[in-house]
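Quick note: the coordinates plus some simple rules give every number you see, no bench work behind them. All values reported here derive from a predicted model rather than from experimental measurement. As a convention, Cβ positions derive from the backbone with ideal geometry for all residues, glycine included, and neighbour counts pool all protein chains shown.
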Amino acid sequence: MSRRTESGTRARTGGGTTPPRTRTRTPRTRTRDADAMAVTAFVLGLVGLLVMNLILGPTAVVLGALALHRHTTRPGRARLGIALGLADLAILACLVTADGTWSWSLT
């Protein structure tokens with residue numbers, strides 16, 4: 001049974017109410033999320049060696065650390081993501097000190 005409220009929408013009356021559904025995170029989905037973070041950290045660190053060092057490097061470091069914190073089944077890939085992210089920042093520091101730019105230059 002339903003009735004109209006002041007705003008014109010229908011409100012449920014009578015009967016039992018069901019609690020709202022909440023998504024519970026199972027350990028399996030947490031592990032899958034951590035594995036995805038490890039792979040993403042690796043890919044971003046690798047791509048960051050070539051372009052957008054300033055953004056992709058720190059992102060790779062953070063995602064790799066989060067994946068390790070969440071006990072990924074791919075700890076090697078997470079560590080590689082962290083190492084590549086730090087390498088991105090090292091390359092960026094070299095570029096800035098060498099020619100005063102924040103990006104690669106061919107000249």
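Phi angles across segment 75-83 convert, under the Karplus curve 6.51 cos²θ - 1.76 cosθ + 1.60 with θ = phi - 60°, into 3J(HN,Hα) values of x, x, 5, 5, 5, 5, x, 5, 5 Hz, Gly and Pro given as x.
Coupling constants for segment 37-47 follow from the phi torsions by the Karplus curve (6.51 cos²θ - 1.76 cosθ + 1.60, θ = phi - 60°), and in residue order they are 5, 5, 5, 5, 4, 4, 5, 5, x, 5, 5 Hz; glycine and proline get x. Restricting the trypsin sites (Lys or Arg not before Pro) of segment 32-96 to loop positions (DSSP other than H, G, I, E, B) with no more than 14 neighbouring Cβ atoms within 10 Å leaves nothing. What the Cβ-Cβ distance of Thr97 and Thr29 gives, at R0 = 35 Å and to the nearest 0.05, is a FRET efficiency of 0.20.
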